[in-house]
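Enquirer: Below you'll find the structure I mean.
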Amino acid sequence: MSWEYKLVFIGSAAVDEELFEESLHASLHTLNSLGSEGWELIGFLPHLTPAGLQKYHAVFKREKKG
C-alpha cells in the first residue's frame, strides 16, 4: 500500500479576535471537506514566523489510487 500526503495551512495569524474566530471556522470547513475526500489528519507542523506568531500546517494522508 502506498500513500499520498498533503500539507494545509490551518488557523490564522490575525491578532483581532473576531478575524481569528472566522479563520478557525474556515479551517474547520477545510478539515471536513478533506475528510470527505478520504484525507486523514495525521499531525500538525508548528512553526514561528519572524514576527513571533505561531502558525500550523496540518498533515494529511490517504491511500494512493492506482
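The values are calculated or read from the model by the stated rules, or taken from the named source; none is laboratory data. All of these numbers come straight from a predicted model, not from anything done at the bench. Backbone-built Cβ (ideal geometry, glycine too); neighbour counts: all protein chains shown. The accessibility values were calculated without ligands, DNA or RNA, using every heavy atom of the protein model including side chains. Shrake-Rupley method; radii C 1.70, N 1.55, O 1.52, S 1.80 Å.
Enquirer: How much accessible area per residue does the chain have, in Å², with a 1.4 Å probe?
Expert: Details: 4880 Å² over 66 residues.
On a per-residue basis, the chain sits at 74 Å².
Enquirer: Tell me what the chain gives for mean residue ellipticity at 222 nm when only DSSP H runs of n ≥ 4 count, each as -39,500 (n - 2.57), the sum divided by the residue total, rounded to 500 deg cm²/dmol.
Expert: Here the helix-only value at 222 nm equals -10500 deg cm²/dmol.
Enquirer: Roughly what angle does helix 17-36 make with the longest principal axis of the chain, taking Cα atoms, 0 to 90 degrees, to the nearest 10?
Expert: Relative to the chain, helix 17-36 is tipped by roughly 0 degrees.
Enquirer: Counting Lys +1, Arg +1, Asp -1, Glu -1, what net charge surrounds residue 40 among other residues with beta carbon under 14 Å of its beta carbon?
Expert: +1
Enquirer: Would you please give the FRET efficiency between residue 21 and residue 55, computed as 1/(1 + (r/R0)^6) with r the Cβ-Cβ distance and R0 = 22 Å, to the nearest 0.05?
Expert: So the FRET efficiency works out to roughly 0.85.
Enquirer: Could you work out what % of the accessible surface of the chain is carbon and sulfur, using a 1.4 angstrom probe and leaving DNA, RNA and ligands out of the count?
Expert: Summing carbon and sulfur atoms, their accessible area is 56 percent of the total for the chain.
Enquirer: Follow-up question, since we're still on this one. Please turn the phi angles of the stretch 44-49 into ³J(HN,Hα) values with the Karplus equation 6.51 cos²θ - 1.76 cosθ + 1.60 (θ = phi - 60°), one per residue in order, whole Hz, x for glycine and proline.
Expert: Couplings: 10, 10, x, 7, 8, 7 Hz.
Enquirer: Hey, any idea what the orientation-averaged projected area of the convex hull of the chain's Cα atoms comes to, in nm²?
Expert: Averaged projected hull area, Cα only: 5.1 nm².
Enquirer: Residue by residue, what Karplus-based ³J(HN,Hα) values in Hz, rounded to whole numbers, does the stretch 56-66 have, using 6.51, -1.76 and 1.60 with θ = phi - 60° and x for Gly and Pro?
Expert: 9, 10, 8, 10, 10, 9, 8, 5, 6, 8, x
Enquirer: Can you list the aspartates and glutamates whose alpha carbon sits under 16 Å from that of residue 65, skipping same-chain ones fewer than 8 residues off?
Expert: 4, 37, 40
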